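Peer 1: Encoded as structure tokens, here's the structure I'll be asking about.
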Amino acid sequence: FRYLRTNKILLSAMLQVAVLSFTIAALPVLSIELTKEVGLKPEQFGSLVAAAGIGLVFGAGVLGHFGNRIQQKSLPLIGFIGMSAVMAIFTFVNNIRIGLLCGGILGFGASLIAVPMQTLIQEKTPESMRGKVFGFQNNAINIAVAVPLLIVGPLTEQFGLQRVLWVMSGIVTLAGVLAWNSTRHVLEDAMQEESSHES
């Protein structure tokens, strides 16, 4: 942790991956209620999760193919804002096709965060620190995944799906903007440097 405090690139990237993990972990819990809104049966909640997974894989493929052309842009910030917008839109969706499309867009937005940030973590971590850094990252992700599994369900029952989605949308936007803004110049320079090496 002391090492990460002195390395803004790794700390910012790790924070963004943790926020992403928190959001993705909440999706299966929320999907159970979302399926009712878009016209699916409760047992078909996996369809929304699958749509998000397809969007994530598609986004990773796009970044893998065209990454050297677009990595200099603020992809993580775009991803956070896109995911936040989709979560807010979900509160108005009552159509199966639109619901699945939103799930796919959510996954695509997640790829804009996961791929460049995980790449930075791997490339910018010195070999001598990789064990400690990746161990810390795994613990941070496990905590980020556990929290929504514990609280999202009860909160949805108490306050309703729409309110929970609006709050999560705000949290994702705020966390994403803060994490990116704190070190955006450092991250942009690192991503541009990586892009120039690839080209």
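Peer 1: Identify the residue in the stretch 144-154 that is of a type outside the set (Gly, Ala, Ser) and touching a residue at least 12 places away in the same chain (Cβ under 8 Å) and, among all such residues, is most open to solvent (accessible area, probe 1.4 Å).
Peer 2: Top of the filtered list is Leu149.
Peer 1: Turning to a different aspect of this structure: Give the number of residues within the stretch 115-132 that are farther than 10 Å from Leu75 by Cβ, assigned to a helix (DSSP H, G or I) and either open to solvent by less than 70 Å² (accessible area, probe 1.4 Å) or not acidic (Asp, Glu) (or both).
Peer 2: Total meeting the criteria: 11.
Peer 1: May I pose another question? What are the residues in the stretch 167-176 that are open to solvent by 60 Å² or more (accessible area, probe 1.4 Å) and closer than 14 Å to Gly82 by Cα, if any?
Peer 2: Matches in the stretch 167-176: Ile171, Leu174.
Peer 1: Next question, about the same structure. Have a look at Ala88, Ala110 and point out the one that is within 12 Å of the chain's Cα centre (by Cα), open to solvent by less than 30 Å² (accessible area, probe 1.4 Å) and closer than 18 Å to Met168 by Cβ.
Peer 2: Ala110 is the lone residue from the list that is within 12 Å of the chain's Cα centre (by Cα), open to solvent by less than 30 Å² (accessible area, probe 1.4 Å) and closer than 18 Å to Met168 by Cβ.
The values are calculated or read from the model by the stated rules, or taken from the named source; none is laboratory data. This structure is a prediction, so every number in the text was calculated from the model and none was measured. Quick reminder, even Gly has a Cβ in these numbers, built from the backbone with ideal geometry, and neighbours come from all protein chains shown. Ligands, DNA and RNA are stripped out before the accessible areas are found, and what is left, the full protein with its side chains, is counted by its heavy atoms. Shrake-Rupley method; radii C 1.70, N 1.55, O 1.52, S 1.80 Å.
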